[in-house]
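The values are calculated or read from the model by the stated rules, or taken from the named source; none is laboratory data. Every value quoted in this text rests on a predicted model; they were computed, and no experiment measured them. Neighbour counts are summed over all protein chains in view; Cβ atoms, including those assigned to glycine, are modelled from backbone coordinates with ideal geometry.
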Amino acid sequence: MASSKLGLIVRNFSSSSSLNQMVKPPIQIFGTEGRYATALYSAATKQKALPAVEKDLTKLQDALKNEPKFKEFVLNPIIERNVKADIVKAISKDISLAPQSSILLQVLAENGHMKNLGGVINAFKTIMAAHRGEVTCEVVTAKALDASQKSKLEGVLKSFVKPNETIHLTAKVDPSIIGGMIVSIGDRYADMSVARKLKKYTDLISATV
């Protein structure tokens, strides 16, 4: 029953009637990957299978990172869709995936969207973070933040979220921004990098020449 429901939802996610029947996620994610993740969240919520599905997707994400052959199979555009669908069905059974996770893989294969698996997983993780009251925040700096800097930054960022929400902070390093930082918190974005300021001034100078 769970399998058929998810298969129906994902195959018809573009129709208004299907969307009206879906459980709305706590955060909306657009694009192909967002639609698949939303459909999976809806089906897993109805079947009370969110913990199992989240665990499955973490397992698949680890495989994409650490198993070159699996990643090659997922991204290979030459393998026929029906063959891929049969293979992922066998894989799902072999590693004991939940029915919802298994059907998602099969539908991705049948629709030629297996290359989007990583993106679907990330989109689902974002939905689950919002489901738990976590606000995803990404900070990019030219140099790695030390523990004290990270702690102070988290304190500042908490003022931008609701009292019942928590910050899930990811820190990345990109020397090309030179200095300052780029902050993404929820659907808000602020580029306070030195590189951006230099570009702004360069553009102004160019416009006056």
So, of the residues in region 114-132 that are hydrophobic (A, V, I, L, M, F, W, C) and at pLDDT 90 or above, which turns out to be nearest to the chain's Cα centre (by Cα)? Ala123
Say we look at region 176-188 and pick out the residues that are outside any helix (DSSP H, G or I) and modelled with pLDDT of 85 or more; which of these is nearest to the chain's Cα centre (by Cα)? Ser184
Which listed residue is farther than 17 Å from Met22 by Cα, without any contact (Cβ under 8 Å) to a residue 12 or more places away in the chain, surrounded by 15 or more Cβ atoms within 10 Å (Cβ to Cβ) and in the same structural domain as Gln21 (by TED's automatic domain parsing), from Lys84, Lys71: Lys71
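With respect to Val139, is the statement that it is touching a His at 6+ places or on another chain (Cβ under 7 Å) and in a strand (DSSP E or B) true? Walk me through how you get there before you give the answer.
Numbers: touching a His at 6+ places or on another chain (Cβ under 7 Å): no; in a strand (DSSP E or B): yes.
No; evaluated as a whole, the condition is false for this residue.
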Got at least one residue in region 99-113 being in contact (Cβ under 8 Å) with a residue 24 or more places away in the chain and either outside the structural domain of Tyr36 (by TED's automatic domain parsing) or over 22 Å from the mean Cα position of the chain (by Cα) (or both)? no
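Would you be able to say whether some residue in region 164-175 is out of contact with any Ser or Thr (no Cβ under 9 Å at 6 or more places or on another chain), assigned to a loop (DSSP other than H, G, I, E, B) and either touching a residue at least 12 places away in the same chain (Cβ under 8 Å) or within 24 Å of Gly31 (Cα to Cα) (or both)? Quick ask: steps written out before the conclusion?
At the first step, the residues of region 164-175 found to be out of contact with any Ser or Thr (no Cβ under 9 Å at 6 or more places or on another chain) are 164-166, 175.
Right, trim to assigned to a loop (DSSP other than H, G, I, E, B) and you get 164-165.
From the residues that got through so far, the ones that are either touching a residue at least 12 places away in the same chain (Cβ under 8 Å) or within 24 Å of Gly31 (Cα to Cα) (or both) too are 164-165.
Taking every residue of region 164-175 in turn, at least one turns out to be out of contact with any Ser or Thr (no Cβ under 9 Å at 6 or more places or on another chain), assigned to a loop (DSSP other than H, G, I, E, B) and either touching a residue at least 12 places away in the same chain (Cβ under 8 Å) or within 24 Å of Gly31 (Cα to Cα) (or both).
Of everything in region 86-98 that's within 27 Å of Pro25 (Cα to Cα) and among the small types (Gly, Ala, Ser), which residue is farthest from the chain's Cα centre (by Cα)?
Just the residues of region 86-98 that are within 27 Å of Pro25 (Cα to Cα), to begin with: 88-89, 92, 96-98.
Filter once more, keeping what is among the small types (Gly, Ala, Ser): 92, 96, 98.
Values: Ser92: 21, Ser96: 23, Ala98: 19 Å.
The extreme case among them is Ser96.
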In region 146-170, which residues are modelled with pLDDT of 85 or more, more than 24 Å from the chain's Cα centre (by Cα) and either surrounded by 15 or more Cβ atoms within 10 Å (Cβ to Cβ) or polar (S, T, N, Q) (or both)? Ser148, Gln149, Ser151
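Take Val107 and tell me if it is among the hydrophobic types (A, V, I, L, M, F, W, C) and modelled with pLDDT under 95.
Values: among the hydrophobic types (A, V, I, L, M, F, W, C): yes; modelled with pLDDT under 95: yes.
Yes; evaluated as a whole, the condition is true for this residue.
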